[in-house]
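This report refers to the structure that appears directly beneath it.
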Amino acid sequence: MAANEEEVFPVGDGMCHEGGVTPVKAQTIHELHSLQKKKKSAPTTPTSASAGPFLPTISEDELHWLQLQSISTSLASLTRELGPKLVKGDPAKKAESAAPQQQYHQYMSPTTIPTDTSLKLTHVLHNLSPAELYEQAIKYEKGSFVTSSGALATLSGAKTGRSPKDKRVVKDETTAQELWWGKGSPNIEMDEHTFTLNRERAVDYLNSLDKVFVNDQFLNWDPEHRIKVRIISARAYHSLFMHNMCIRPTAEELANFGEPDFTIYNAGQFPCNRYTHYMTSSTSIDLNLARREMVILGTQYAGEMKKGLFGVMHYLMPKKGILSLHSGCNMGKDGDVALFFGLSGTGKTTLSTDQNRYLIGDDEHCWSDNGISNIEGGCYAKCIDLVKEKEPDIWNAIKFGTVLENVVFDEHTREVDFSDRSVTENTRAAYPIEYIPNAKIPCVALHPKNIILLACDAFGVLPPVSKLNLAQTMYHFISGYTALVAGTEDGIKEPQATFSACFGAAFIMLHPTRYAALLAEKMSKHGATGWLVNTGWSGGSYGMGSRIKLKYTRKIIDAIHSGSLLNAEYKKTEVFGLEIPTQVDGVPSEILDPINTWEDKEAYKQTLLKLAGLFKKNFEVFADYKIGEDGSLTEQILAAGPTF
């Protein structure tokens with residue numbers, strides 16, 4: 001035999017096979033491709049508890065039919081009893097397939113008067129895995145790329161942030177009494193009819209597409225109080241974003257999902273009709289609490305879905321005596337739990353993400369009789385100017401499965417430049433919480449021992465740490481204070497006070513005093529202590545003083561966690577009446593009382609009075625709200641504010 005000839009061996013079937021290799025079990029290239037993929041399994045959020053075996057009581061075909069029936073009902077017009085005809089799977093796959101007898105599971109909706117929509121099939125891509133969503137995004141959505149770290153980079157279109165002035169809530173007999181309306185409230189009203197018009201517009205748009213993405217997932221890690229949510233969207237980017245941000249069901253939970261408690265119709269690529277009543281732009285985010293539905297038109301920014309659901313939790317949870325919180329949460333090795341509240345720039349993420357403590361969550365939580373539970377299944381981190389050395393957990397979480405919004409990257413290497421603001425300064429990363437190494441799964445904890453309110457005081461007059469009584473905790477919780485540095489037209493920089501009720505005014509639904517009262521009730525019941533921590537300036541306002549060193553703030557937080565700060569000696573400050581410790585291990589004693597760090601004592605007093613006046617003015621909008629028959633709680637809260 002020549003050296004370059006291949007050896008041929010006979011096998012039992014009488015056919016010749018090259019090299020003695022067992023042949024593939026396929027007769028066509030389509031059959032070969034079908035062998036490449038195993039049976040689909042549902043992507044899930046990991047849990048330490050064993051779920052037990054999944055024992056389906058119905059066939060897979062019946063299960064698919066029921067799921068499609070439920071989704072068709074969600075997509076039904078309010079003017080028609082029946083929804084669209086649905087079929088599972090990617091329409092492109094059918095076109096690529098050579099199989100002549102491809103079977104689809106449909107929910108066929110008979111219709112009396114045929115329409116173009118009723119004659120077509122809408123393909124449903126239901127709870128796809130990240131890998132499947134990557135394929136959809138890269139193939140069909142312009143601006144989607146895989147970065148060098150494996151994350152999916154996407155664009156959110158013209159809107160790169162939330163549109164609070166375009167967010168509306170249906171005002172009906174119930175919500176007129178229950179929700180916070182008027183001055184200071186984030187709730188902008190619309191009527192039922194206008195909501196219906198926008199819902200029809202969104203549903204018609206989604207039904208006109210060849211395919212829609214459907215996510216059936218959960219909110220709240222506490223199984224006793226979790227909410228079933230359904231998100232119907234037109235983009236793989238939106239589906240992957242919510243896959244990461246909500247809690248992912250197991251195969252058994254998905255099979256038994258049933259009807260959702262709340263539904264989002266994300267038709268963000270399609271504008272609202274500006275001639276519709278209440279519309280002021282092409283964008284509208286509409287919430288109907290009675291129908292438990294949200295409609296998104298005219299914005300593709302994914303954060304609208306996340307924060308819209310947070311607003312829903314701010315409404316539903318307090319009705320059950322559960323406090324919904326815009327906060328970070330971590331837990332020590334001994335089980336001690338701390339909540340962190342703070343606006344942007346206060347250090348909430350930095351201080352709540354502690355390598356020596358377990359992360360419960362970074363943004364949204366519930367406090368029930370069972371303890372603390374994270375609302376979400378993921379994290380939504382800012383990544384402008386992200387540096388590995390400063391934020392290693394976030395940096396390492398940006399890998400396969402993570403959504404990177406509006407970032408800029410090298411067109412050849414696909415390496416992201418996190419300092420580039422060409423698209424927006426609000427660049428974000430959305431990833432599952434299990435991407436954080438010290439995240440506690442499941443994301444639940446005992447009742448908190450410490451409530452830490454963070455403020456970056458650029459006026460330089462608040463102490464680095466203060467112990468608060470219950471009334472003071474409620475006052476500063478409602479105030480939600482921090483200070484930003486703003487440039488004037490003359491080029492002189494000065495502090496600018498910023499207040500956000502409950503440290504998340506844009507998302508609350510009820511009056512802030514109601515959340516504060518529930519916070520105080522739970523703190524009193526479970527023995528939690530309130531703290532006001534200033535991460536801002538000392539020795540003068542911005543431009544004169546200097547920012548309090550992070551290492552000192554960390555020492556203060558460590559002393560709060562350990563309980564040693566409870567045993568310190570305290571003295572009371574003027575005007576704000578804050579209890580400040582005379583000594584904290586590892587922190588220079590002279591900075592604990594701000595007046596000691598100011599050379600010009602008179603300037604300190606004037607600045608202190610100025611800030612106190614800003615607090616008073618901000619609180620005027622809350623002063624008239626009464627809880628209970630005598631309104632004594634409101635009086636206690638007002639008395640806890642600054643006095644002149």
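The values are calculated or read from the model by the stated rules, or taken from the named source; none is laboratory data. This is a predicted model, so every value here is computed, not measured. Because the Cβ atoms are built from the backbone with ideal geometry, glycine has one as well, and the counts that use them run over all protein chains shown.
What about Leu133, is it hydrophobic (A, V, I, L, M, F, W, C) and outside any helix (DSSP H, G or I)?
Spelling it out, it is not the case that Leu133 is hydrophobic (A, V, I, L, M, F, W, C) and outside any helix (DSSP H, G or I).
With the requirement that a residue be in contact with a Ser or Thr (Cβ under 8 Å, 6 or more places away or on another chain) and either outside the structural domain of Arg514 (by TED's automatic domain parsing) or exposed (fewer than 15 other Cβ atoms within 10 Å of the Cβ) (or both), what does segment 596-623 give you?
The answer is Ala623, and nothing else.
If we keep just the residues of segment 532-558 that are crowded, with 21+ Cβ neighbours inside 10 Å and more than 14 Å from Val461 (Cα to Cα), which is farthest from the chain's Cα centre (by Cα)?
The qualifying residue farthest from the chain's Cα centre (by Cα) is Ile556.
Quick check on this structure: which one of Val124, Val146 is within 18 Å of Leu404 (Cβ to Cβ) and either modelled with pLDDT under 95 or surrounded by 13 or more Cβ atoms within 10 Å (Cβ to Cβ) (or both)?
Val146
Could you list, in sequence order, the residues of segment 237-289 that are at pLDDT 95 or above, assigned to a loop (DSSP other than H, G, I, E, B) and among the β-branched types (Val, Ile, Thr)?
Passing the criteria: Thr250, Thr283.
Can you tell me which of Asn273, Asn244, Asn256 is assigned by TED's automatic domain parsing to the domain that holds Arg80 and crowded, with 19+ Cβ neighbours inside 10 Å?
When all the criteria are applied, what remains is Asn244.
Say we look at segment 243-278 and pick out the residues that are among the aliphatic types (A, V, I, L, M) and under 23 Å from Glu200 (Cα atoms); which of these is nearest to the chain's Cα centre (by Cα)?
Checking each candidate, the answer is Ile264.
Identify, from the list Asp222, Asp210, the residue that is crowded, with 18+ Cβ neighbours inside 10 Å, assigned by TED's automatic domain parsing to the domain that holds Ser77 and touching a residue at least 40 places away in the same chain (Cβ under 8 Å).
Every option except Asp222 fails the conditions.
Restricting attention to segment 356-367, and to residues there that are farther than 17 Å from Gly335 by Cβ and assigned to a loop (DSSP other than H, G, I, E, B), which single residue is farthest from the chain's Cα centre (by Cα)?
Among residues in segment 356-367 that are farther than 17 Å from Gly335 by Cβ and assigned to a loop (DSSP other than H, G, I, E, B), the one farthest from the chain's Cα centre (by Cα) is Asp362.
Out of all the residues in segment 225-240, which are surrounded by 24 or more Cβ atoms within 10 Å (Cβ to Cβ), under 15 Å from the mean Cα position of the chain (by Cα) and more than 27 Å from Arg274 (Cβ to Cβ)?
Answer for segment 225-240, where residues must be surrounded by 24 or more Cβ atoms within 10 Å (Cβ to Cβ), under 15 Å from the mean Cα position of the chain (by Cα) and more than 27 Å from Arg274 (Cβ to Cβ): Ser239, Leu240.
Could you grab me the full set of residues in segment 580-637 that are more than 21 Å from Pro495 (Cβ to Cβ), free of Cβ contacts under 8 Å to residues at least 40 places away in the same chain and not acidic (Asp, Glu)?
Thr582, Gln583, Gly586, Pro588, Ser589, Ala623, Lys626, Gly628, Gly631, Ser632
Return the only residue of Val444, Val423, Val387 being crowded, with 16+ Cβ neighbours inside 10 Å and at negative phi.
Exactly one of Val444, Val423, Val387 is crowded, with 16+ Cβ neighbours inside 10 Å and at negative phi, namely Val444.
Taking the residues in segment 617-634 that are assigned to a loop (DSSP other than H, G, I, E, B) and among the hydrophobic types (A, V, I, L, M, F, W, C) as candidates, determine which candidate is farthest from Tyr515 (Cα to Cα).
By that ranking, first place goes to Ala623.
For segment 368-384, what are the residues that are crowded, with 21+ Cβ neighbours inside 10 Å, in a loop (DSSP other than H, G, I, E, B) and out of contact with any Lys or Arg (no Cβ under 7 Å at 6 or more places or on another chain)?
Within segment 368-384, Ile375, Glu376 qualify.
With respect to Tyr542, determine if the residue is of a type in the set (Phe, Trp, Tyr) and either out of contact with any strand residue (DSSP E or B) (no Cβ under 9 Å at 6 or more places or on another chain) or closer than 17 Å to Leu611 by Cβ (or both).
Yes: the conditions hold for Tyr542.
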